[in-house]
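Working notes, structure below.
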Amino acid sequence: MKKVILSGIFTLCTLGIFAQTSTNNLPATAQEYIQQNFSSVDVKEVKENSKWQIWEDEKFEVILSNELELDFDENGNILEIESQNDVVIPIAALPSKIAAYVEENYADAQIIGWEKQKKEQEIELADGTELEFDGEGNFRKID
């Protein structure tokens, strides 16, 4: 029994050590998004969520060398950008309508998070302010 448990643990550790760093398994849309917005940053890890997790929208998770985490759906559309260590997200990586609003109203703000859900989007600023937008990128409120 000990051998079976130890073998399982070893297998899990081995899989973690050999994490994929190639973006080849990502849809072309996701590859283009990364190239356009994060070309100066290396891809550290690419994870593909299993198909049986149907309650999750995120199909692919990409971790960049600067510790930004990008989540994509099965078609390669960006769903979330999360900063692990308050790394600033480039404004060009955001939807254009939201980027324009932030530039106009929070010109000096540093964006450390963005998330798109079915009917809303949210921006997190480094000072803790959260801005809420509708699905089309129209400003709703400060959260």
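Just so it is clear, none of the values below were taken in a lab; they were calculated from the coordinates. In this text, all values refer to a predicted model and were calculated from it rather than measured experimentally.
Relative contact order, whole percent, for the stretch 88-143 stands at 27, derived from Cα pairs under 8 Å and 6 or more residues apart. Spatially, the stretch 109-143 and the stretch 27-47 are offset by 22 Å when compared through their Cα centroids.
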